[in-house]
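The next block holds one structure in the form of structure tokens; read it before the comments.
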Amino acid sequence: MATMSATAVGARKPIYTSLFVQVLAGLILGIVLGVTAPEFAVSLKILSDAFLKLISMIVAPIVFCVVVHGIAGAGDLKKVGRVGVKALVYFEVMTTVALIIGLLLAYLFGPGHGMNIDTSTLDAKALSSYADNAHRLQGGGIGSFLMNIIPTTSFDALARNDVLQVLFFAIIFGVSLALVGGEKGERIGSLIDAVSTVLFRAMGLIVRVAPLGVLGAVAYTVGKYGVGSLKQLISLVALFYVSVAIFVLAVLGGVLALAGLNILKFLNYLREELTIVLATASSDAVLPQVMRKLERLGVKDSVVGLVIPTGYSFNLDAFSIYLTLAVVFIAQATNTPLSFGDLLLILAVSLITSKGAHGVPGSAIVILAATLNAVPSIPAIGLVLVLSVDWFIGMARALGNLIGNCVATVVVAAWEGDLDRAKASAVLDGRELVDVTTG
């Protein structure tokens, strides 16, 4: 893999060339256009869609190359398996903590109390586009989810940009490459390394247009929905943002501190990616960049290649918070009493359904619908209440999910001894600068 080019602090480029400054400028301009010229702002959604398609175009091959190179280069397949097991254990622990936090905060602050919603007045047609996917997800269960991890063909997984299926094939290919070894293995390994270098360079070119993508996403959101759409459900939105902040700073911050790193410095290091995710409400938009940044932070590439793609399906921290928070909110808003048994059922069901969001259209609403359908005491039609603010909640949801996966990668690397702590400290302190746009 390409080595990091360190730049002296005294040789910083002009501030207007900073990707973060450009993204921030795009965000501010998008807000201004959304307020002053909403019709024109809505038409700018094409910029956001184009940027996301550009990123989507390159995600699958980058994941494949990074995972294969990492496994084949690790030299110890037992170590690779150990990293995978540790990552899954960490994911389950953090998911459980996130679900409990959402449940506790919903009960502590009661955002739905006083709404007194009559479910007979809610429009069931608003859920029609999500109903089929929700029933399909609920009916399939764990077996269907596990079968979906296995691609029909490797080319099909790459063509559909299904990250989890690409990861599955990449693990098999990487293990096979490591077992073949010898001259043939080295030739294929060198080829994959060369291809990944080119792909990361291409990623650097695509990232330069991120400010336009942010401009289009923010302009569309403000122009179409406006700030007024938040009024009715402002308590739920505000509580969710606060919940994500508490989880990131307290829980993830504490876990990262055990690895010897500071959460605030870590967030500052990822500020460009976090700003893009906040604007586009999609963590997929920065998948290649965060993989490269974590490598340059001092995390071994084999750990990055395994943990980040897996985490996108199995480690949805902010989504888990939202799941239990929204379920309890709907129960409160519809005056539905919940017993202790209901709460345990919500937690148990959410642990399963939170893993099923990958590759499902309208995933947040669909998974929430599947969860409600599995908890009979809560009227599923209450889901209509959160539809109008799902985009705004989605921004913090994507942001929290991304931070959770990045912290997970660092923690698993530290746990396994694959984190260069000296290098990480130097990068986070600003003594070594990283620019992913150089590839």
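The values are calculated or read from the model by the stated rules, or taken from the named source; none is laboratory data. Everything numeric in this text was worked out from a predicted model, so none of it was measured. We place every Cβ from the backbone using ideal geometry, glycine too, and count neighbours over all the protein chains shown. Surface accessibility is based on the protein's heavy atoms, side chains included, excluding ligands, DNA and RNA. Shrake-Rupley method; radii C 1.70, N 1.55, O 1.52, S 1.80 Å.
At a glance:
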| quantity | calculated |
| --- | --- |
| Among (1) modelled with pLDDT of 70 or more; (2) in a helix (DSSP H, G or I), the one test that L433 misses | (2) |
| Any hit, region 72-80, residues being without any contact (Cβ under 8 Å) to a residue 40 or more places away in the chain, assigned to a helix (DSSP H, G or I) and open to solvent by 70 Å² or more (accessible area, probe 1.4 Å) | yes |
| Only listed residue being in contact with a helix residue (DSSP H, G or I) (Cβ under 6 Å, 6 or more places away or on another chain), over 26 Å from A279 (Cβ atoms), part of a helix (DSSP H, G or I) and open to solvent by less than 10 Å² (accessible area, probe 1.4 Å), chosen from V407, V412, V386 | V412 |
| Subset of region 389-404 (residues that are within 16 Å of N268 (Cα to Cα) and surrounded by fewer than 19 Cβ atoms within 10 Å (Cβ to Cβ)) | none |
| Residue, nearest to R397 (Cα to Cα), within region 271-280, restricted to residues that are crowded, with 22+ Cβ neighbours inside 10 Å and not polar (S, T, N, Q) | V277 |
| Pairs with Cβ under 8 Å, 6+ apart, first in region 309-320 and surrounded by fewer than 24 Cβ atoms within 10 Å (Cβ to Cβ), second acidic (D, E) | Y312/D284 |
